[in-house]
Structures are given as C-alpha cells and as structure tokens.
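S.K.: The structure that follows is given in the form of structure tokens.
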Amino acid sequence: SATPYPVEAPASTALFDRAQALTPGGVNSPVRAFQSVGGAPRFMVRGEGPYLVDADGRRYVDLVGSWGPLIHGHAHPAVVDAVQTAAAAGTSFGTPTEAEIELAAEIVERTPVSQVRLVNSGTEATMSAIRLARAATGRSKVVKFAGCYHGHVDALLAAAGSGVATLSLPGSPGVTDATTAETIVLPYNDLAAVTAAFAEHGTEIAAVITEAAAGNMGVVPPRDGFNTELARLAHAHGALLILDEVMTGFRVSRSGWHGLDPVDGDLWTFGKVMGGGLPAAGFGGRAELMAQLAPAGPVYQAGTLSGNPVACAAGLASLRLADADAYRRLDEAATTVSKLASAALAGAGVPHRVSAAGNLFSIFFTETEVRDYDTARTQDTAAFAGFFHAMLGQGIYLPPSAYEAWFVSTALDDDALEQLAGALPVAAQAAARA
Ligand code: PMP
C-alpha cells in the first residue's frame with residue numbers, strides 16, 4: 001500500500017509490532033514512538049561516532065545523541081574502555097566507591113555546587129531537589145514555567161514540555177489535584193507573572209524551578225536577566241531557586257548554562273552528559289543546604305543503584321574528554337548545522353525561526369518570535385513532520401518532534417556535515433509541500 005513516508009523500514013516495523021504487544025505504545029519513553037511525526041520508529045542496533053545504524057541496516061547522521069548525553073558521539077573509545085574496565089570489576093556493590101568521589105569532584109570543580117548527591121535520572125534529581133527545598137524552607141508551593149520539562153515528577157507534570165508538549169497533553173491523569181494545587185505554573189520569560197505570584201503566595205513558595213535555558217518546548221533562551229531576577233525575587237521572599245541543568249549542564253559550556261549566564265541559585269540539577277550515556281544524574285548546592293539530606297540530615301533520599309560504578313566511569317570518561325577544544329567544536333557544529341538548516345528552509349520559502357541557547361538550538365516552524373510555550377505552539381507541526389521524514393529518508397536522524405532540541409556532538413565530521421548539507425534542501429522542499 002502507498003505510504004506517506006519516503007522510505008519503508010520493514011525490520012523496524014516488525015520490531016515495533018512486537019514491542020507494541022509487550023510494552024505500552026511499543027516504547028519505554030513516549031517521544032521515541034514517532035507519534036507526532038508518524039511512521040514506525042527506527043530500532044537502532046549500533047552507534048558509531050556521528051552515526052546510528054538501524055535494524056534495516058540503514059545509517060543515519062544522528063542529531064539526537066540519546067537526547068543529550070552523547071556530546072562525543074556514539075561509542076567513543078575512551079568511554080567504551082572506561083565502561084568495560086568498570087564492568088569487568090563488578091557492576092554494582094551497594095557500597096561507596098572511589099568513582100563516586102571522582103565524579104562528584106569533577107562536577108563540583110565545574111559548577112557552582114559545593115556538594116552533589118548522585119541519582120539515576122533527571123527526574124530523580126528534580127524530585128529530590130524539590131523535596132529538599134520544601135524541607136529547607138518549611139513551605140510547600142513550587143513555581144514552574146509552562147513548557148519547561150523537569151522529568152515526570154508528579155508536581156512538575158503541569159503544563160510540561162518534551163513528550164507532554166509533543167503529545168499535546170494538558171498534564172497527566174494520575175496526578176492528584178492536591179499535588180498540582182501546590183504547583184504554580186507561569187509563562188516562561190514573564191517576570192511580571194513571577195512578581196505577581198510572589199505578591200500573592202510569597203510566604204508559601206518553597207522554590208522556583210526553571211530550566212537554566214528552556215530546551216523542552218524547543219529551545220527558548222531566558223531573556224537577558226530573567227534568571228538573575230528569578231533569584232532576586234525568590235530570595236526576597238525566602239524561597240529557593242532551582243536551576244535545572246539536566247539538558248544544558250556540561251553541554252553548553254564546561255559547567256553548563258551557568259558558564260554563560262551565572263546566577264546566584266540555590267540548587268542545581270544535572271543529568272545526561274554527566275552519565276556518558278549510562279543512567280547517572282545528580283543535584284547539588286551549598287554544603288549547609290545539602291547537609292539536610294540523609295544520612296547527614298533528616299531529608300530522606302536514596303537509591304539502590306545511585307552512584308553506580310559503571311555509570312560513574314562512563315560519566316567521568318565523558319567529562320574528562322570535555323575540554324575547551326570539545327566545547328569549541330560543539331559550538332562550531334551547532335552554528336554550522338543551524339545555518340545550513342536555516343538557509344535550506346529560507347531557500348524553500350518555509351517560515352521558520354532558529355532559536356538557540358549557546359550550542360543548544362532548535363528550529364521553530366513559525367514566523368512568530370518564540371519566547372514562551374504559547375508562542376512555541378504557533379508552529380506548523382505538519383511542515384515539521386514532512387521535513388523530518390524527508391531527512392530520515394536521506395539518512396539524517398532528527399528529534400522526532402518539533403518541540404525538541406537538536407543535539408550536536410564533537411563527532412560530526414566533514415563527511416557527516418556534507419551528507420547533512422545535501423539532505424537539507426530536499427527536506428526543506430518537503431516541508432514547503434506539507
Ligand atoms: N530536566 C530536564 C531539563 C530535562 O531535559 C529532562 C529530560 N529530558 C529531565 C529533567 C528528566 O531527566 P530524565 O529523563 O533523565 O528523567
């Protein structure tokens with residue numbers, strides 16, 4: 001039968017059929033399912049440098065990078081070697097290990113935090129940071145911004161980005177009214193709204209949580225001074241500021257967004273890059289605040305696999321590769337890719353906006369200037385879907401949603417960029433027709 005997609009993927013399609021029988025929607029994280037762009041998700045079997053290889057044996061230039069962790073591309077020899085060495089010595093001990101100290105030291109050296117607690121996912125990091133903020137302030141309310149995603153923490157699923165935005169969900173069933181009643185959702189980049197919320201609820205707000213630069217409604221940088229003013233307002237009312245650097249941390253600079261726009265925050269959350277492609281994340285802040293966590297203090301937080309030695313080895317190897325030259329190359333790759341894409345779209349007359357926060361960027365298929373979730377949602381998602389499938393058919397793997405960042409890596413070499421440059425004008429024509 002006729003397919004609306006340029007290329008068939010029989011092996012992936014067969015795997016997807018099997019997966020759907022065994023797993024809800026056939027995937028273990030919603031945005032992987034290609035639901036908003038259509039077609040069968042590609043099942044990958046291998047990654048090598050800038051490329052992914054799928055079950056049908058097709059090779060793709062990868063602009064997802066496992067949704068952020070892989071700043072050095074796939075299967076970097078130093079990371080693979082560190083993982084193999086650590087795994088050969090045992091995969092988990094349930095005791096402290098020196099690798100945890102080394103990873104913590106690397107994080108503390110790079111970022112504003114003086115202590116860090118390691119966890120397994122960004123979700124755990126933000127969930128635990130919020131618990132700590134509530135305990136430290138003795139207050140219950142949390143301010144978050146529409147379109148920001150902080151993982152699938154109940155209280156933070158209100159008006160969230162990422163898969164929640166991709167699937168146009170208002171939030172999630174199963175999150176109680178009592179939980180969301182403690183969450184105040186405000187428009188991103190809107191200081192007047194934050195000022196008003198503090199005026200009304202100032203004594204009840206434990207924390208403001210914000211993505212250091214928003215990357216889950218597409219990329220929307222904070223306006224100049226936005227994060228600084230959040231810190232000032234929070235502190236003026238006895239609340240804490242939590243900067244979520246799960247996506248930006250160790251990617252947009254050696255520390256993260258903090259390296260580009262330092263702010264007097266209280267807690268920071270990290271993930272993705274610091275795990276080198278294995279499950280590791282963390283949250284941190286000043287020592288006297290972190291000392292409230294068990295066993296030093298009363299705020300409970302724990303994990304069977306937290307600080308896992310294989311994950312710590314992968315993260316440490318990745319961070320040690322992430323020197324000034326690596327960040328220069330990431331910045332350069334982001335500029336090259338975004339300029340090529342924008343030129344191709346302009347050439348085909350497709351309305352679009354490149355939106356960047358350091359080397360994190362996305363392309364909005366809209367003429368409207370994007371500053372928050374409402375303006376992000378002015379995009380033409382059908383045009384994006386046409387563009388996406390035309391790229392996929394030419395061997396370029398973009399995030400399968402118009403609401404996700406494009407992730408570059410230092411592995412994007414001249415060959416990969418040449419393939420990308422050749423594919424973009426064809427895909428831009430497809431977007432114009434969609
Ligand atoms: N915070 C931000 C800013 C994120 O981008 C993400 C994941 N995309 C998370 C938190 C949640 O991290 P995880 O998926 O590891 O739970």
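S.K.: When the range 107-122 is examined, which residues are found to be touching an Asp or Glu at 6+ places or on another chain (Cβ under 9 Å) and of a type in the set (A, V, I, L, M, F, W, C)?
M.R.: Passing the criteria: only LEU118.
S.K.: Further, regarding this structure: Given the conditions (1) under 19 Å from ARG139 (Cβ atoms); (2) in contact with a helix residue (DSSP H, G or I) (Cβ under 6 Å, 6 or more places away or on another chain), and given that GLY202 satisfies all but one, which numbered condition is not satisfied?
M.R.: So GLY202 meets the others, but not (2).
S.K.: Working only within the range 8-38, note down all residues that are hydrophobic (A, V, I, L, M, F, W, C), more than 20 Å from ALA405 (Cα to Cα) and not in a loop (DSSP other than H, G, I, E, B).
M.R.: Scanning the range 8-38 gives ALA11, ALA14, LEU15, PHE16, ALA19, ALA21, LEU22.
S.K.: Also: Considering only residues that are buried (at least 23 other Cβ atoms within 10 Å of the Cβ) and within 18 Å of the chain's Cα centre (by Cα), look in the range 112-127 and name the one that is farthest from the ligand (Cβ to nearest atom).
M.R.: LEU118
S.K.: Let me ask another. Just the residues that are away from the ligand (no atom under 16 Å from the Cβ) and either over 23 Å from GLY315 (Cα atoms) or not in a loop (DSSP other than H, G, I, E, B) (or both), please, taken from the range 239-264.
M.R.: ALA239, LEU240, GLY259, PRO262, ASP264 - these are the residues of the range 239-264 that are away from the ligand (no atom under 16 Å from the Cβ) and either over 23 Å from GLY315 (Cα atoms) or not in a loop (DSSP other than H, G, I, E, B) (or both).
S.K.: List every residue pair whose Cβ atoms lie under 7 Å apart, where the two residues are 6 or more positions apart in sequence or sit on different chains, the first residue falls within the range 211-238 and is assigned to a helix (DSSP H, G or I), and the second residue, located anywhere, is within 11 Å of the ligand (Cβ to nearest atom) and among the hydroxyl-bearing types (Ser, Thr, Tyr).
M.R.: Partner pairs satisfying both residue conditions: ASN227/THR210; LEU230/THR210.
S.K.: From (1) buried (at least 18 other Cβ atoms within 10 Å of the Cβ); (2) in contact with a His (Cβ under 9 Å, 6 or more places away or on another chain), pick out the condition that doesn't hold for GLU48.
M.R.: (1)
S.K.: To continue, here is another question. Can you tell me which of LEU345, LEU417 is modelled with pLDDT of 95 or more and either surrounded by fewer than 19 Cβ atoms within 10 Å (Cβ to Cβ) or within 20 Å of LEU70 (Cα to Cα) (or both)?
M.R.: After ruling out the rest, the residue left standing is LEU417.
S.K.: Across the range 265-281, which residue is farthest from SER114 (Cα to Cα) among those that are among the hydrophobic types (A, V, I, L, M, F, W, C) and more than 8 Å from the ligand (Cβ to nearest atom)?
M.R.: It comes out as LEU278.
So that you can scan it fast, the table gives a plain yes or no per residue for (1) assigned to a helix (DSSP H, G or I); (2) acidic (Asp, Glu); (3) over 25 Å from the mean Cα position of the chain (by Cα):
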{"position": "ARG329", "(1), (2), (3)": "yes, no, no"}
{"position": "ALA346", "(1), (2), (3)": "yes, no, yes"}
{"position": "ARG371", "(1), (2), (3)": "no, no, no"}
{"position": "PHE384", "(1), (2), (3)": "yes, no, no"}
{"position": "PHE388", "(1), (2), (3)": "yes, no, no"}
{"position": "VAL408", "(1), (2), (3)": "no, no, no"}
{"position": "LEU417", "(1), (2), (3)": "yes, no, no"}
{"position": "LEU420", "(1), (2), (3)": "yes, no, no"}
{"position": "GLN429", "(1), (2), (3)": "yes, no, yes"}
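S.K.: Tally up the residues in the range 49-87 that are away from the ligand (no atom under 16 Å from the Cβ), assigned to a loop (DSSP other than H, G, I, E, B) and either in contact (Cβ under 8 Å) with a residue 40 or more places away in the chain or more than 21 Å from the chain's Cα centre (by Cα) (or both), please.
M.R.: Number satisfying all stated conditions: 8.
S.K.: Being under 28 Å from GLU245 (Cα atoms) and charged (D, E, K, R) narrows it down to one of ASP17, ASP81, ASP54, so name that one.
M.R.: ASP81
S.K.: Can you confirm whether VAL27 is touching a residue at least 60 places away in the same chain (Cβ under 8 Å), surrounded by 13 or more Cβ atoms within 10 Å (Cβ to Cβ) and of a type in the set (A, V, I, L, M, F, W, C)?
M.R.: No, not satisfied.
S.K.: Related question: What are the residues in the range 150-170 that are touching a Phe, Trp or Tyr at 6+ places or on another chain (Cβ under 6 Å) and more than 11 Å from the ligand (Cβ to nearest atom), if any?
M.R.: ALA165, THR166
Rundown of residues vs (1) crowded, with 19+ Cβ neighbours inside 10 Å; (2) away from the ligand (no atom under 15 Å from the Cβ); (3) in a loop (DSSP other than H, G, I, E, B), yes/no style:
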site	(1), (2), (3)
GLU109	no, yes, no
LEU132	yes, yes, no
ALA136	yes, yes, no
CYS148	yes, no, yes
SER172	no, no, yes
VAL185	yes, yes, no
ALA192	no, yes, no
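S.K.: Of all residues in the range 290-316, which are part of a helix (DSSP H, G or I) and in contact with a Gly (Cβ under 6 Å, 6 or more places away or on another chain)?
M.R.: Across the range 290-316, the qualifying residues are ALA311, ALA314, GLY315.
The values are calculated or read from the model by the stated rules, or taken from the named source; none is laboratory data. Computed from a predicted structure; not experimentally measured. No Cβ is skipped: glycine too gets one built from the backbone with ideal geometry, and neighbour counts run over all protein chains shown.
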